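The values are calculated or read from the model by the stated rules, or taken from the named source; none is laboratory data. No experiment lies behind these values; they were computed from the predicted model shown. Neighbour counts run over all protein chains shown; Cβ positions are idealised from the backbone, glycine included.
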Amino acid sequence: MRLMPAAWVVVGLAALPAVALGQQPREESPVVVNDATHPVRVGDLVRLRIWREEDLSGEFQVDPTGKVIFPRLGEYQVAGETSQSLVNRLIEDYRRYLRNPSIEITVLRRINILGAVGNPGIYNVDPTVTIADALALAGGITTSGNQDRIRIIRDGVELTTGISERTTIGDSPIQSGDQIYVPERSVFQRNTGLFATMLTSAITLTIALFLR
């Protein structure tokens, strides 16, 4: 069997893909966003995660001027941007300090869920979830709650909306700081069976007295 000339062997190795030689191709910075369409609003919570950079990661609330303060970057205007545009900016700016940063951005609405729910309180809610999902975070609507009369309240004023439990937070007028309020059903609505039984009994007694 004839031996392949050494020069041919060298040329053949040079033609092999980099991966075959144990060299990984250069990858773009991994980007993870929870919502690439709805804009960031005042009062929202921006959760920043930079891989292997715990000191630079954290949760930052958007102030009334629409800014947050990110580690090393300082004041950063974010209101009105989508998560996608924001993460693209962050990658470029953090490249001044980090090599090929891997960044994850999650934007959350801070909403007060009150009324007839299992665990009323303030919740950080992903804009992509529905009203029903947000209520589930608060323990769901109690047996006395009226799911057909859910109210959105801002600064003590009820908003007139046509939203349903299937509406997503991002597609609704809900902003950080708003309330989702679930009122209780009326005594009659909560005791329909009891009132029906009492009414039937009253009618039966009246008929019995009338027939005497």
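Here are some notes:
- As a summary of the residue check, Arg49 satisfies the conditions (1) in a loop (DSSP other than H, G, I, E, B); (2) in contact (Cβ under 8 Å) with a residue 40 or more places away in the chain except for the one numbered (1).
- Inter-residue pairs, beta-carbon under 6 Å, first closer than 15 Å to Asp171 by Cα and in segment 110-132, second of a type in the set (Gly, Ala, Ser), 6+ apart: Val125/Ala134; Pro127/Gly170
- Within segment 115-128, the set of residues being among the β-branched types (Val, Ile, Thr) and closer than 19 Å to Glu81 by Cα comprises Val125, Thr128.
- Taking the criterion of being within 15 Å of Asn124 (Cβ to Cβ) and in a loop (DSSP other than H, G, I, E, B), the only residue of segment 52-73 that qualifies is Val62.
- So Thr167, is it touching a residue at least 12 places away in the same chain (Cβ under 8 Å), among the polar types (S, T, N, Q) and closer than 17 Å to Leu45 by Cα: no
- Per the listing Thr82, Thr143, Thr106, the residue uniquely within 26 Å of Tyr181 (Cβ to Cβ), crowded, with 16+ Cβ neighbours inside 10 Å, among the hydroxyl-bearing types (Ser, Thr, Tyr) and at pLDDT below 95 is Thr106.
- Scan segment 109-140 for residues that are part of a loop (DSSP other than H, G, I, E, B), within 21 Å of the chain's Cα centre (by Cα), closer than 18 Å to Pro183 by Cβ and not polar (S, T, N, Q) and the total you get is 5.
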